[in-house]
1. Please give the direction-averaged projected area of the C-alpha convex hull for the stretch 1-157, in square nanometres with one decimal.
2. Among the listed pairs K45/K285; K14/K85; K42/K285; K188/K305, give every one whose C-alpha distance is greater than 31 Å.
3. Please report the carbon-and-sulfur percent of the accessible area for the stretch 87-149; probe 1.4 Å, protein heavy atoms only, DNA, RNA and ligands left out.
4. Pull up all non-local amide H partners of K188: gap of 5 or more, or a different chain, and H-to-H distance under 5 Å with H placed in the peptide plane.
5. All other residues with a Cβ under 12 Å from the Cβ of D241 taken together, and with Lys, Arg as +1 and Asp, Glu as -1, what is their net charge?
6. Relative contact order for the chain: what is it in percent, counting Cα pairs under 8 Å that are at least 6 residues apart?
7. Could you order peptides 137-143, 305-311 by the average number of other Cβ atoms within 10 Å of their residues, highest first?
8. If Rh is defined by the Kirkwood formula over all Cα pairs and Rg also comes from Cα, what ratio Rg/Rh do you get for the stretch 1-44?
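The values are calculated or read from the model by the stated rules, or taken from the named source; none is laboratory data. No experiment lies behind these values; they were computed from the predicted model shown. Don't worry about glycine lacking a Cβ; one is built from the backbone with ideal geometry, like all the others, and counts go over all protein chains shown. We work out accessible area using only protein heavy atoms, side chains counted, and drop any ligands, DNA or RNA first. Shrake-Rupley method; radii C 1.70, N 1.55, O 1.52, S 1.80 Å.
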Amino acid sequence: MNNWFTDFYAAIAKSPLSPWLETLPAQLSHWQREAQHGDWPKWEKVLKNLPESNTKHINIQDKVEFGDASELSEGHTKQLEHLLKRMMPWRKGPFTIHGLHIDTEWRSDWKWDRLLPHISDLTNRTVLDIGCGSGYHLWRMRGAGAEFVVGIDPSDLFLSQFQAIKHFNPDPNVHLLPLGVEQLPELKAFDMVFSMGVLYHRRSPIDFLSQLRAQLRPGGELVLETLVVEGDVNSVLMPTDRYAKMRNVWYIPSTAALTLWLERVGFKNIRVVDNDQTSLEEQRKTDWMTTESLADFLDPNDVNKTIEGYPAPLRAILIAEA
């Protein structure tokens, strides 16, 4: 585990990200000593027992696929499935590892397909993904040409899942750190910052947008994907208790209100490039995520409403410049 982070320190030591070394080692040392999830030993054991393979086939251009079925024995493939299912639920993906298809709750590839035509060329870019989950989009960013990709997410399960996938493609330019956005210094060094599915979980969305801007170099690009509601510049939904059974949803703005928020914290050239109501095909139960999913969060008599009576999840993608 120590190698995950020491390799990252070495990678950024002579880059514009080097000021991060003033705070990051102490934060990660604290995480290793005191902040790990109670299931961490179980997940760490899974990582230690993953089968070794000579992964020759790698596709991160139009999917995330490492290895083909012929590179693992049938016994090792069954072992791999058993081990990876100990890391359930798998929410963001899908992944295919040596022919084993991890059918995640979310079709994150569909979101990527929606946003890719609208963003700047990723070639040779240094990219940050805030709230990256298990890292599906990190691999797609790398596949689209990014030179160095960093994800942050405070979930130890997501870190474990990311490291399990990376075991089969140990790319030294793709990293995930167990951090929250509030732990980031003002780096002002990334060419692009992605934040997808995070804003509505933040108690202070304006502070969050300011934190995103603080990670971008001047002229850098923000890709922001979030829940929105229909309405004008003054339209913001604040659920009274839960939204789609989620307690941690605070503010869901209209795209007009969100555009104003971005302007107020200093972003420019803001444009809404996609609006899409989440479908029952894009978020659903699978063999790799067997608990409740979108169908359980919607009104059984009207899929255009949540079970609480709010508008069903509508997601927008906005792009802005620092």
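1. Numbers: hull surface 40.4 nm².
Averaging across all directions leaves 10.1 nm² for the Cα convex hull.
2. Working: K45/K285 26 Å; K14/K85 39 Å; K42/K285 24 Å; K188/K305 40 Å.
In this structure, K14/K85; K188/K305 lie more than 31 Å apart at Cα.
3. On the way: 840 of 1870 Å².
C and S fraction of accessible area: 45 percent.
4. Q215, L216
5. On the way: positive: R242, K245, R247; negative: E308.
Residues near D241 contribute +2 overall.
6. Numbers: 614 pairs, mean separation 49.8, N = 322.
Relative contact order of the chain: 15 percent.
7. Numbers: 137-143: 25.1, 305-311: 15.4.
Result, highest mean first: 137-143, 305-311.
8. Values: Rg = 12.3 Å, Rh = 11.6 Å.
Dividing the radius of gyration by the Kirkwood radius yields 1.06.
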